[in-house]
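One structure below.
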Amino acid sequence: MTYCVAMRLNRGLVFAADTRTSAGNDNVATYRKLYYWRRPGQRVIVLCSAGNLAITQSVVSLLNEKLVEDLSPGAESLFTVPSLYRAARLVGEALREVRKADGADLEASGSSFNANFLFGGQIGDEAPRLFHIYPEGNFIEATDDTPFFQIGEHKYGKPIIDRVVEPNMRLGEAAKLALLSFDSTLRSNISVGLPIDLLIYERDSLDVRRQKRIEADDEYFRKLSSAWSEALRSAFANIEEFKV
C-alpha cells in the first residue's frame with residue numbers, strides 16, 4: 001500500500017508520497033510514487049499514485065508515450081494541453097485505457113481495479129490547481145473549503161491536517177504538516193514506509209526548485225517526530241484529568 005497527500009495553498013502546492021510497495025509480509029519493495037513533468041517558464045505538472053503498482057505504472061507510461069511524437073503522432077499531451085483541467089482529463093483517459101486492457105483479467109482473478117492519483121500543478125497564467133482522480137477516471141478539484149487530498153492509507157494522517165491546514169499557510173509550514181501526517185501514519189501502519197518523496201511548488205515559478213527524498217536517517221524528520229511526540233505528551237499531561 002502507500003500514502004500520498006497534496007495541498008493547494010495560496011502560495012503554491014505541496015506533494016508528498018511514500019515509496020513502500022507490499023505484495024505480502026515477505027515481499028516489500030521501494031518504488032517512486034511521485035512524478036513530475038516541467039517546461040521551465042511554461043508549466044509544471046505533478047502526479048502522486050496509490051493502488052495497484054502495475055496499473056499506476058501503466059498510466060504513467062501512457063502519459064510519457066504521448067510526449068513522444070513518434071509513439072503518439074499528433075496526440076494531445078501534458079506538454080500541449082491548455083489547462084490543468086485538460087491535463088487531468090488526459091490522466092483519466094489513460095486510466096480508462098488501462099482498465100479496458102487489464103480490468104477484465106484483474107476481476108477474473110479476484111483482484112479489483114484499484115488506482116487513485118493526486119494531480120496538480122500550474123500551466124502558464126492559470127492559478128495552481130489540484131485534483132483527485134478516481135479509478136473510474138473521473139475527478140474532483142481542491143477548493144478553499146477543502147484545500148487538500150489524500151490517497152492510500154490516509155486515516156492516521158488525516159486528523160492533524162483537518163485541524164491545522166489553512167489556504168494561507170506558508171509552504172514550509174505545509175511541508176511540516178505533511179511530514180507530521182506521515183509520522184503518524186508510519187507509527188500505525190506497516191504498509192507505509194520511508195523514504196518519503198516531498199515536492200514543494202511555489203506559485204508562478206513554473207519550475208521545480210524544492211524537492212527532497214526523506215530517508216530514514218534524515219535529521220529534520222527525526223527531530224520533527226521526536227518534538228511532536230513530546231508536544232503531544234506535554235499537551236496530554238496539561239489537560240485536566242477526567243473525574244466522575
A careful count of residues in the range 185-211 that are under 23 Å from residue 154 (Cβ atoms), loosely packed, with under 15 Cβ neighbours inside 10 Å and not small (Gly, Ala, Ser) gives 3
Long-range neighbours under 8 Å by Cβ, at least six apart or interchain, first residue within 20 Å of residue 140 (Cα to Cα) within the range 68-88, second of a type in the set (Phe, Trp, Tyr) and in a loop (DSSP other than H, G, I, E, B): none
Quickly run through the range 216-237 and pick out the residues that are loosely packed, with under 11 Cβ neighbours inside 10 Å and among the charged types (D, E, K, R). 217, 219, 223, 230, 233
Could you please find all residues in the range 153-185 being touching an Asp or Glu at 6+ places or on another chain (Cβ under 8 Å), outside any loop (DSSP other than H, G, I, E, B) and farther than 19 Å from residue 230 by Cα? 171
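Each row is one residue, and each column tells you yes or no for (1) among the small types (Gly, Ala, Ser); (2) under 25 Å from residue 111 (Cα atoms).
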position	(1), (2)
12	yes, no
19	no, yes
22	yes, yes
35	no, no
71	no, no
78	no, no
92	yes, yes
Of (1) over 18 Å from residue 158 (Cβ atoms); (2) of a type outside the set (Phe, Trp, Tyr); (3) within 15 Å of the chain's Cα centre (by Cα), residue 179 satisfies all except one. Which? (1)
The range 1-57, subset surrounded by fewer than 24 Cβ atoms within 10 Å (Cβ to Cβ) and aromatic (Phe, Trp, Tyr), residue farthest from residue 127 (Cα to Cα): 31
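In this structure, is residue 244 of a type in the set (Val, Ile, Thr), in a loop (DSSP other than H, G, I, E, B) and in contact (Cβ under 8 Å) with a residue 40 or more places away in the chain?
Working: of a type in the set (Val, Ile, Thr): yes; in a loop (DSSP other than H, G, I, E, B): yes; in contact (Cβ under 8 Å) with a residue 40 or more places away in the chain: no.
No: the conditions fail for residue 244.
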Here are 98, 60: which of them is under 30 Å from residue 165 (Cβ atoms) and assigned to a helix (DSSP H, G or I)? 60
Quick check, is residue 115 within 16 Å of the chain's Cα centre (by Cα), modelled with pLDDT of 95 or more, aliphatic (A, V, I, L, M) and under 14 Å from residue 52 (Cα atoms)? yes
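Does residue 218 meet the test of being without any contact (Cβ under 8 Å) to a residue 40 or more places away in the chain and either under 19 Å from the mean Cα position of the chain (by Cα) or closer than 25 Å to residue 50 by Cα (or both)?
Working: without any contact (Cβ under 8 Å) to a residue 40 or more places away in the chain: yes; either under 19 Å from the mean Cα position of the chain (by Cα) or closer than 25 Å to residue 50 by Cα (or both): yes.
Judged against the criteria, residue 218 is a match.
Return the residues of the range 147-165 that are over 15 Å from the mean Cα position of the chain (by Cα) and loosely packed, with under 14 Cβ neighbours inside 10 Å; say none if nothing qualifies.
First, pick out the residues of the range 147-165 that are over 15 Å from the mean Cα position of the chain (by Cα): 156, 159-160, 162-165.
Passing the criteria: 159, 162, 163.
Look at the range 106-145 and say how many of its residues are within 22 Å of residue 174 (Cβ to Cβ) and exposed (fewer than 13 other Cβ atoms within 10 Å of the Cβ). Let's see the steps before the verdict.
Going through the range 106-145, the residues within 22 Å of residue 174 (Cβ to Cβ) turn out to be 116-123, 126-133, 139-145.
From what's left, exposed (fewer than 13 other Cβ atoms within 10 Å of the Cβ): 127, 143-145.
Summing the residues that are within 22 Å of residue 174 (Cβ to Cβ) and exposed (fewer than 13 other Cβ atoms within 10 Å of the Cβ) in the range 106-145 gives 4.
The values are calculated or read from the model by the stated rules, or taken from the named source; none is laboratory data. As the structure is a prediction and not an experimental result, all values here were calculated from the model. Here Cβ is always computed from backbone atoms with ideal geometry, including for glycine, and neighbour counts include all displayed protein chains.
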